[in-house]
Amino acid sequence: PKQRGADGCSQPAQGAGRAASTGAGQLPSLAVGTDTGYRLFSLASVEHLDQVHESHETPDVYIVERLFSSSLVVVVSQTKPQQMNVYHFKKGTEICNYSYASSILSIRLNRQRLIVCLEESIYIHNIKDMKLLKTILDTPPNATGLCALSINHSNSYLAYPGSSTTGEIVLYDGNHLKTVCTIPAHDGPLAALTFNSAGSKLASASEKGTVIRVFSVPDGQKLYEFRRGMKRYVNISSLVFSMDSQFLCASSNTETVHIFKLEHLTDSRPEEPPTWSGYMGKMFMAATNYLPSQVSGMMSQDRAFATVRLNFSGQRNICVLSTIQKLPRLLVTTSDGHLYIYNLDSQDGGECILIKKHSLLGPRKMEENKENDLRPLLPQSYAATVARQSTMPSTSSMPGESKLGVPAVG
């Protein structure tokens, strides 16, 4: 890549890294790319979504990544899709920019590393001075820029597809710059990857979207297997752990969001059952594809601990599990520029209750509109464990549509 402004990169980036500590007292943050620029928000409480910063300098932003709650922001625009710009938004200055051989598909960052994913290559930068440390060339075609980076900078594990035809995952050590292992996760191509906050677990889903698997890191052993559904294939757009790794949330192009609970290590059995009864069990599961949906649903191996029924489907959405005002919440952000907040019953699960809707694109006054108030005002005391405040780009590119980046927790 070609770099400009690197000599001004060291000090601001180091300062930003120090500012982005996790823990109680830090607010979950949100980044949104739009046709006119980008916006940064913090969520102080269920009722209060505060706009931290708004920029109109760069139009058609389709990737915006903020380093936790620091002043460091990475922006990519459709006007220059091969260029990454790194800003100190509070000072209003550009730290540096890099240009690449093809369009940037995704960016991931923690306090140690910044990852730039192109369709057939991955670039690893040292975030303290933005120097390029490693280029992984000739990766399998990865049209969506699928990759995941552990937010735990003490390991900085990176995961990306090892094949464009099967669900093989490459696990890479971003600190020591070497491949750790490959994981044969699914039969079909991968659609979603995410680490937990410690970087000790990796969850994945294939393009079919029926099975979600969780593997141990760094040895790649299967720990859990969850069935989202067997009747229909779906496109999983968001896969995320809660900060304490107790829950795993999956959303798709359907109206249902599934939340699974990681309780006991019961699904570490081999992929191919060696016994006759195991073989028959597998055949029986395959047969459920031909049964009515109400029957096959009862035969699901692992029912979701909690669910959300969205009032829309077919729209890209990204979910986050976070703690706000001492209670677990599910945040759902949609490509039309709305944030929905649901209560999650961490003891009994069940259907999550919608308690608030915020607009991310309109004037801040819209938040006070009565039609958005879905329940009485909650107490304004705040205590939250911070989740992951990195962002994930939308693939939306239609004129007039928002380009969305939202946090992906843990």
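The values are calculated or read from the model by the stated rules, or taken from the named source; none is laboratory data. Just so it is clear, the structure is predicted and the values come from calculations on it, not from any experiment. FYI the Cβ positions are ideal-geometry reconstructions off the backbone, even for glycines, and counts take in every protein chain you see. SASA here: full protein model, heavy atoms, side chains in, ligands and nucleic acids out. Shrake-Rupley method; radii C 1.70, N 1.55, O 1.52, S 1.80 Å.
Here are the numbers for this structure:
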{"item": "Number of the condition not met by LEU149 [criteria: (1) within 21 Å of the chain's Cα centre (by Cα); (2) under 20 Å from VAL217 (Cα atoms); (3) surrounded by fewer than 18 Cβ atoms within 10 Å (Cβ to Cβ)]", "result": "(3)"}
{"item": "Residue identified as basic (Lys, Arg), open to solvent by 20 Å² or more (accessible area, probe 1.4 Å) and touching a residue at least 12 places away in the same chain (Cβ under 8 Å) among LYS178, LYS128", "result": "LYS128"}
{"item": "Test: PRO184 is in contact with a Pro (Cβ under 8 Å, 6 or more places away or on another chain) and either buried (at least 22 other Cβ atoms within 10 Å of the Cβ) or within 30 Å of THR135 (Cβ to Cβ) (or both)", "result": "no"}
{"item": "Meets criteria (surrounded by 21 or more Cβ atoms within 10 Å (Cβ to Cβ) and outside any strand (DSSP E or B)) for ILE63", "result": "no"}
{"item": "Which listed residue, of SER70, SER45, is touching a helix residue (DSSP H, G or I) at 6+ places or on another chain (Cβ under 7 Å) and at pLDDT below 95", "result": "SER70"}
{"item": "Any chance LEU321 is at pLDDT 80 or above, under 18 Å from ASP50 (Cβ atoms) and in a strand (DSSP E or B)", "result": "no"}
{"item": "Subset of segment 229-241 (residues that are at pLDDT below 95 and under 18 Å from the mean Cα position of the chain (by Cα))", "result": "VAL234, ASN235, ILE236, SER237, SER238"}
{"item": "PRO161 vs. criteria modelled with pLDDT of 95 or more and open to solvent by 30 Å² or more (accessible area, probe 1.4 Å)", "result": "no"}
{"item": "Residue under evaluation CYS352, criteria (1) within 20 Å of ILE236 (Cα to Cα); (2) modelled with pLDDT under 95, criterion not met", "result": "(2)"}
{"item": "Search result, residues across segment 234-247 that are assigned to a strand (DSSP E or B) and within 22 Å of GLY145 (Cβ to Cβ)", "result": "ILE236, SER237, SER238, LEU239, VAL240, PHE241"}
{"item": "ILE183 vs. criteria out of contact with any Asp or Glu (no Cβ under 8 Å at 6 or more places or on another chain) and over 12 Å from LEU149 (Cα atoms)", "result": "no"}
{"item": "Residue within segment 194-216 that is touching a Lys or Arg at 6+ places or on another chain (Cβ under 9 Å), at pLDDT below 90 and within 30 Å of THR135 (Cα to Cα) present", "result": "no"}
{"item": "Flag if ILE151 is touching a Lys or Arg at 6+ places or on another chain (Cβ under 9 Å) and among the aliphatic types (A, V, I, L, M)", "result": "yes"}
{"item": "When residues of segment 219-243 are limited to those that are touching a Gly at 6+ places or on another chain (Cβ under 9 Å) and closer than 23 Å to ARG108 by Cα, the one surrounded by the most Cβ atoms within 10 Å (Cβ to Cβ)", "result": "VAL240"}
